[in-house]
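Trainee: Handing you this structure, nothing more for now.
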Amino acid sequence: MLAPVILAAARSDKMRRFISAAPGTKQVVDRFIAGETVEQVVPVIEDAADKGLEVTLDVVGEDITTPAQATAARDAYLELVGRLKDLGLGGKAEVSVKLSMFGQGLEGGHELALANVRRVVEAAAAIGTTVTLDAEDHTTLDSMFAIHEELRKDFPQTGCVIQAYLFRTEDDARRLAAAGSRVRIVKGAYKEPASVAYQVKAEIDKAYVRILKILMDGDGYPMIGSHDPRLIAIGQELARRAGRKLDEYEFQMLYGIRSDEHIRLAAEGHRMRVYTAYGTDWYGYFMRRLAEKPANLLFFGRSVLTKG
């Protein structure tokens, strides 16, 4: 019941200032955010590779308001890709981008976001890695899918994200489950109205399984984004029924959550990718992590009280 309240707070400048100033915030943010700079996140990438894990890297930030900010976001990703090249980690690390950071919500934003993200996709392809377009709220998705389709003409390995709680997603999954596609399925972490999205966890879970089956039975490459043990087990069973080998799908989980499970799945031979966010504009990302799981909110509350 608290999740909608927390997601609403994620859009509030007043709450942003309050949370940022809270004495225990940094301790909790550090759990979910790997660092503020590329250099701080490099050891995280290397440690993951040593453990047999792969990563997808997200430079946190969204809701930019000027073209100059969109250009800065693009350049931050180009810097990241450059460091991956220097380290020879293109095979172990891909990148995830939110098109809102690249100017999607500005006037002429569709074309601006496409131009900016194309530069990042080109750079990533040059070092042997890939880019996945993250899903945001439902009003942005037609533009995101159109950009995804355009990018795949030259870079067919470009991935995208679909969200199980949206009514539209089963149809999107059928369209996307084609040869060469890379699709990450998540439950969804934005506040969406009942007119477009399931509101009850049980219904979201059922939709997740239906959509995952579509992806597993298709010809693309499913990426299972979940920390839910039941959905992970169902994903393994659906992959077995579909006759998929262990390298024909992967699991993805967030940095700082269920780290032991990351290691377990990798040890069993699964491809396991850790979604690793870094940067200074962490607020929106952080609030969605709190909304996803009551234990995260409890951990935050205890930290604030302790530091206070």
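The values are calculated or read from the model by the stated rules, or taken from the named source; none is laboratory data. A quick note: this is a predicted structure, and the numbers were derived from the prediction, not measured. The accessibility values were calculated without ligands, DNA or RNA, using every heavy atom of the protein model including side chains. Shrake-Rupley method; radii C 1.70, N 1.55, O 1.52, S 1.80 Å.
Trainee: Longer than 28 Å from Cα to Cα, which of Lys153/Lys206; Lys85/Lys213; Lys201/Lys245; Lys187/Lys245 are they? Say none if no pair is.
Mentor: Table pairs above 28 Å Cα-Cα are Lys153/Lys206; Lys85/Lys213; Lys201/Lys245.
Trainee: Still on this structure, please answer the following. Of Tyr283, Tyr198, which has the most accessible area and how do the rest follow, probe 1.4 Å?
Mentor: Tyr198, Tyr283
Trainee: A follow-up question, please. When you take every Cα atom in the range 136-274, what is the radius of gyration, and what is Dmax, the widest Cα pair distance, in Å?
Mentor: Just the Cα atoms of the range 136-274 yield Rg and Dmax of 14.6, 42 Å.
Trainee: Using amide H atoms built in the peptide plane, which far-off residues or other-chain residues are under 5 Å from Gln252 H to H?
Mentor: Ile224, Gly225, Ser226, Arg273
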